[in-house]
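A.B. asks: One structure, as structure tokens, below. Some questions next.
The values are calculated or read from the model by the stated rules, or taken from the named source; none is laboratory data. Because the structure is a prediction, the values reported are computed rather than measured. Backbone-built Cβ (ideal geometry, glycine too); neighbour counts: all protein chains shown. For accessibility, only protein heavy atoms count, side chains too; no ligands or nucleic acids. Shrake-Rupley method; radii C 1.70, N 1.55, O 1.52, S 1.80 Å.
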Amino acid sequence: MSSYTSFAVAGSGAIGSYVVAALAANPSLAVTVLSRSADVKVPSGVVVKVVDYAIPSSIESALSGIDVVISTLGGGGNDVQEALANAAKQAGAKLFVPSEFGNPTVGLLTGPLASRELLARHLKAIGLPSLRLWTGPFSDYVLVAPFGFDFANGSATWVGQGDTPVRRKCVARSFDR
């Protein structure tokens with residue numbers, strides 16, 4: 001089994017900042033943040049490399065020597081993930097983690113999240129191993145007033161009588177690389 005020691009995180013905002021902090025907490029890991037600007041705050045020891053996602057050589061150069069590329073780019077960054085993946089492959093990365101946080105998108109070929117499945121297929125086509133992570137909805141996005149939660153007043157609004165059992169369907173799937 002190989003172990004990964006160098007990580008590049010594309011995007012250090014909402015989700016990315018937590019990923020960077022968790023990786024940086026391990027002193028045996030080399031952590032690089034890819035950013036469009038040098039003006040980003042990162043933990044001590046983390047290297048920031050400014051990239052232009054429109055210039056493949058810019059990304060490839062920044063990924064030289066990186067084992068794992070983690071994309072935490074938000075919805076607006078979905079368009080550049082394929083360029084990031086191509087550069088990761090060219091730079092010799094061993095694993096690509098696309099920005100797939102949320103609900104599973106396997107087989108989804110229409111709608112705003114279709115780009116995630118298309119990227120997964122592209123990763124397979126170029127022979128770059130990938131890891132798709134599905135966390136489910138993040139609590140800071142769903143536990144909000146429009147969904148019936150009012151933390152300031154200690155209340156929540158439920159639809160129905162509140163006595164319907166929650167049914168969970170767990171599905172185990174295996175995927176090819």
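A.B. asks: Can you confirm whether the stretch 50-57 contains a residue that is modelled with pLDDT under 95, of a type in the set (Asp, Glu), open to solvent by 30 Å² or more (accessible area, probe 1.4 Å) and out of contact with any Gly (no Cβ under 9 Å at 6 or more places or on another chain)?
C.D. replies: Yes: the stretch 50-57 contains one or more residues that are modelled with pLDDT under 95, of a type in the set (Asp, Glu), open to solvent by 30 Å² or more (accessible area, probe 1.4 Å) and out of contact with any Gly (no Cβ under 9 Å at 6 or more places or on another chain).
A.B. asks: Same structure again: Condition test on SER6, is it in contact with a strand residue (DSSP E or B) (Cβ under 8 Å, 6 or more places away or on another chain) and closer than 17 Å to VAL80 by Cβ?
C.D. replies: So SER6 does not fit the description; no.
A.B. asks: Something else about it: Say we look at the stretch 22-47 and pick out the residues that are open to solvent by 50 Å² or more (accessible area, probe 1.4 Å) and among the hydrophobic types (A, V, I, L, M, F, W, C); which of these is nearest to the chain's Cα centre (by Cα)?
C.D. replies: Across the stretch 22-47, the extreme among qualifying residues is ALA22.
A.B. asks: All but one of (1) farther than 17 Å from VAL9 by Cβ; (2) touching a residue at least 24 places away in the same chain (Cβ under 8 Å); (3) of a type in the set (Val, Ile, Thr) hold for ILE66; which doesn't?
C.D. replies: (1)
A.B. asks: So which of GLY127, GLY107, GLY111 ends up being at pLDDT 95 or above and exposed (fewer than 12 other Cβ atoms within 10 Å of the Cβ)? Quick ask: steps written out before the conclusion?
C.D. replies: Working: GLY107 fails: at pLDDT 95 or above; GLY111 fails: at pLDDT 95 or above.
From the options GLY127, GLY107, GLY111, the qualifying one is GLY127.
A.B. asks: A further question follows. Among the residues of the stretch 59-88 satisfying the criterion of being farther than 14 Å from THR5 by Cβ and charged (D, E, K, R), which is surrounded by the most Cβ atoms within 10 Å (Cβ to Cβ)?
C.D. replies: GLU60
Residues are listed down the side, and each one gets a yes or a no for (1) over 15 Å from SER130 (Cα atoms); (2) β-branched (Val, Ile, Thr):
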site: VAL31; (1), (2): yes, yes
site: ALA38; (1), (2): yes, no
site: ILE55; (1), (2): yes, yes
site: LEU63; (1), (2): yes, no
site: ILE66; (1), (2): no, yes
site: PHE96; (1), (2): no, no
site: SER99; (1), (2): no, no
site: VAL106; (1), (2): no, yes
site: LEU109; (1), (2): yes, no
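A.B. asks: Tell me yes or no: at least one residue of the stretch 15-23 is modelled with pLDDT of 95 or more and not aliphatic (A, V, I, L, M).
C.D. replies: no
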